[in-house]
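*Asks:* Here's a structure for you.
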Amino acid sequence: MPGQNTTDLLIVGAGFGGLIMAIEARKRGIRDIVILEKADEVGGTWRENTYPGVACDVPSHLYSMASHPNPDWTTAYAGGGEIQAYIQRVAQDEGLYDLCRFKRTFKSAKWDGAQWQIDTEGGERWSAKVFVSALGPLHVPQIPALPGADSFLGPCFHSAQWDHDVDLTGKRVAVVGSGASVIQFVPEIAKTAGRVSVFQRSAPYVIPRPDGPISPIWRTLYRALPFTRQLRRQSIYHMMEMRHGVFMGKEKAVNFAMNLWRKGMERSITDPEMRNALTPDYRIGCKRILSSNAWYKALARDNVDLIPSGVARIDRTRVIAATGESIEADVLIWGTGFQVTDALERLDITGDGGHSLAETWKDGVSAHLGVSVAGFPNLFFLLGPNTGLGHNSVVLMIEAQVEHICRLLDQMKQSGTAAIEPLESAQADFAGEMSDRLSESVWQNGGCASWYQDASGHTPVLWPGTVGEYRKRMRAAGIEQYRPVEIEP
Ligand SMILES: Cc1cc2nc3c(=O)[nH]c(=O)nc-3n(C[C@H](O)[C@H](O)[C@H](O)COP(=O)(O)OP(=O)(O)OC[C@H]3O[C@@H](n4cnc5c(N)ncnc54)[C@H](O)[C@@H]3O)c2cc1C
């Protein structure tokens with residue numbers, strides 16, 4: 001096989017997940033690490049998403065690595081460029097660029113009885129004792145296969161593949177979707193575009209947020225007295241955790257969030273028909289709750305139209321709504337999000353005994369504690385099934401997973417165990433618990449269809465509890481929930 005390489009720990013993906021995994025593994029004494037990354041830079045989400053207005057929706061003092069606090073965030077919710085620069089700085093400071101093999105697209109992985117054989121699209125093969133998938137849950141753009149989409153005559157792109165060569169000044173722009181990215185870029189492009197027409201299939205709940213610059217005085221304080229920065233982080237963490245009550249249908253939390261949303265929306269939108277169109281027809285929390293101080297204001301602008309309907313078809317220069325309304329557009333932007341559940345299902349991974357992951361997951365994706373699957377020794381997922389969040393920073397989930405994986409690797413070393421897989425009983429218990437808890441949640445009973453759900457209406461993406469609960473469980477879970485796998489000589 002040309003270009004055969006070996007390593008102890010192979011990580012795929014150089015976003016938050018892959019980088020945190022490498023940092024923590026090195027702290028535990030693992031030196032032989034390789035990160036395969038299909039792009040030519042670290043950053044993942046924050047390298048890819050460069051659309052105008054891109055920013056995090058969890059305040060930056062929390063949405064960052066615990067091991068690399070940043071006293072210098074310039075805004076409460078940092079823009080994508082600032083987050084990307086932060087990730088690059090961490091990678092530089094930690095010497096992680098030396099571990100990265102860029103422009104290597106993971107193709108497939110096969111357990112050969114002793115280790116993982118991992119192939120890239122370019123024909124490289126890597127042998128690794130431990131394989132960590134940090135491919136990212138929101139990575140593969142979702143573009144609906146609409147009739148006539150190919151006939152559109154003007155520029156056309158997805159928000160995660162923004163074409164910065166297209167000047168939108170004075171143009172008629174059709175935007176398909178009204179999700180997390182759309183509510184960030186529409187207020188920005190509306191400032192210069194001739195007309196922006198937003199096709200909204202389903203109205204989101206968009207609540208105001210405590211955004212704004214962080215003054216140099218605060219930043220100096222955070223640098224000089226780190227406990228002040230830590231206090232800020234802790235208070236954001238607890239505030240975010242409180243939002244979990246909305247998803248559990250806790251009356252006080254639901255009323256509070258509904259009030260925030262209604263007041264924010266009605267402050268900017270006075271037309272009753274428009275208010276009606278912007279009122280979601282499902283319970284708050286069923287879909288991701290979005291936050292912005294600019295979305296409703298943008299919709300109130302004279303050059304922005306809301307078309308409360310999905311798109312039925314596209315005909316050269318016209319975008320035609322399901323209601324029959326038709327608009328002329330020079331540019332078409334897909335704000336239609338990402339493939340989430342099916343991206344995992346499509347991974348070409350073959351475990352012990354030649355079983356494929358796709359076959360194992362044919363009735364739905366699931367992993368023990370969201371990180372490991374019986375029959376797939378020494379394979380760990382970051383942000384795998386049931387570990388996404390609707391209310392807090394997923395970096396906290398990644399950190400809990402990395403700590404758990406590192407503890408397992410330590411315990412394997414101490415006990416001289418070469419390979420482990422989760423106990424089937426532990427995995428089945430966890431899957432049953434997730435299914436029971438999620439079936440009670442607003443995500444499944446809130447009266448909406450969302451990207452949280454798979455084709456059968458289940459929610460394999462989300463963790464039903466608080467981050468605090470997940471951290472506690474991950475800390476408590478050790479090698480006793482796993483079994484050794486015999487290695488072939
Ligand atoms: C616009 C946007 C805003 C967001 N804001 C927030 C927020 O405020 N708070 C929050 O908690 N979460 C947010 N998220 C979710 C976000 O994805 C995570 O917070 C986090 O960045 C995930 O990190 P990751 O490393 O798991 O995945 P990613 O950042 O997606 O990184 C995965 C990496 O894997 C690489 N890769 C993928 N496939 C392959 C392959 N086949 N071969 C090799 N490499 C591959 C990718 O190129 C990428 O570099 C946001 C997501 C988006 C899209």
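*Asks:* Residues of the range 370-383 being part of a loop (DSSP other than H, G, I, E, B) and either within 10 Å of the ligand (Cβ to nearest atom) or touching a Pro at 6+ places or on another chain (Cβ under 6 Å) (or both), which ones?
*Replies:* Gly370, Ala374, Leu382, Leu383
*Asks:* Would you mind finding the one in Asp72, Asp40, Asp32 that is farther than 25 Å from Pro226 by Cβ and in contact with a Lys or Arg (Cβ under 6 Å, 6 or more places away or on another chain)? Talk me through it step by step, then tell me what you get.
*Replies:* Values: Asp72 fails: farther than 25 Å from Pro226 by Cβ; Asp32 fails: in contact with a Lys or Arg (Cβ under 6 Å, 6 or more places away or on another chain).
Selected residue: Asp40, the only one of Asp72, Asp40, Asp32 that is farther than 25 Å from Pro226 by Cβ and in contact with a Lys or Arg (Cβ under 6 Å, 6 or more places away or on another chain).
*Asks:* For Gly43, work out the one condition from (1) more than 20 Å from Asp410 (Cα to Cα); (2) outside any loop (DSSP other than H, G, I, E, B); (3) of a type outside the set (Asp, Glu); (4) under 21 Å from the mean Cα position of the chain (by Cα) it doesn't fulfil.
*Replies:* (2)
*Asks:* So which of Pro216, Pro187 ends up being more than 16 Å from the ligand (Cβ to nearest atom) and either closer than 17 Å to Val331 by Cα or over 23 Å from the mean Cα position of the chain (by Cα) (or both)? Working first, answer last.
*Replies:* Working: Pro187 fails: more than 16 Å from the ligand (Cβ to nearest atom).
So the residue among Pro216, Pro187 that is more than 16 Å from the ligand (Cβ to nearest atom) and either closer than 17 Å to Val331 by Cα or over 23 Å from the mean Cα position of the chain (by Cα) (or both) is Pro216.
*Asks:* Condition first: within 12 Å of the ligand (Cβ to nearest atom) and small (Gly, Ala, Ser). Now tell me which residues in the range 27-55 satisfy that.
*Replies:* Ala39, Gly43, Gly44, Gly53, Ala55
*Asks:* Moving on. Considering every residue within the range 60-71, establish whether at least one is in contact with a strand residue (DSSP E or B) (Cβ under 6 Å, 6 or more places away or on another chain), near the ligand (Cβ under 9 Å from one of its atoms) and modelled with pLDDT of 95 or more.
*Replies:* If we filter the range 60-71 for residues that are in contact with a strand residue (DSSP E or B) (Cβ under 6 Å, 6 or more places away or on another chain), which is where we start, we get none.
Checked the range 60-71: no residue is in contact with a strand residue (DSSP E or B) (Cβ under 6 Å, 6 or more places away or on another chain), near the ligand (Cβ under 9 Å from one of its atoms) and modelled with pLDDT of 95 or more.
*Asks:* Of the residues Gly122, Gly113, which is assigned by TED's automatic domain parsing to the domain that holds Gly388 and without any contact (Cβ under 8 Å) to a residue 24 or more places away in the chain? Don't jump to the end; show me each part of the working.
*Replies:* Details: Gly113 fails: without any contact (Cβ under 8 Å) to a residue 24 or more places away in the chain.
So the residue among Gly122, Gly113 that is assigned by TED's automatic domain parsing to the domain that holds Gly388 and without any contact (Cβ under 8 Å) to a residue 24 or more places away in the chain is Gly122.
*Asks:* Further, regarding this structure: List the number of the failed condition for Leu10; all other conditions in (1) within 12 Å of the ligand (Cβ to nearest atom); (2) surrounded by fewer than 19 Cβ atoms within 10 Å (Cβ to Cβ); (3) outside any loop (DSSP other than H, G, I, E, B) hold.
*Replies:* Leu10 satisfies all of (1) within 12 Å of the ligand (Cβ to nearest atom); (2) surrounded by fewer than 19 Cβ atoms within 10 Å (Cβ to Cβ); (3) outside any loop (DSSP other than H, G, I, E, B) except (2).
Residue-by-condition table, conditions (1) outside the structural domain of Leu9 (by TED's automatic domain parsing); (2) in contact with a strand residue (DSSP E or B) (Cβ under 7 Å, 6 or more places away or on another chain); (3) closer than 22 Å to Ser178 by Cα:
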| site | (1), (2), (3) |
| --- | --- |
| Leu357 | no, yes, no |
| Gly364 | no, no, no |
| Gly384 | no, no, no |
| His391 | no, no, yes |
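The values are calculated or read from the model by the stated rules, or taken from the named source; none is laboratory data. Since we're looking at a predicted model, the values are computed, not measured. Cβ coordinates were reconstructed from backbone atoms using ideal geometry, including for glycine residues, and neighbour counts include every protein chain displayed.
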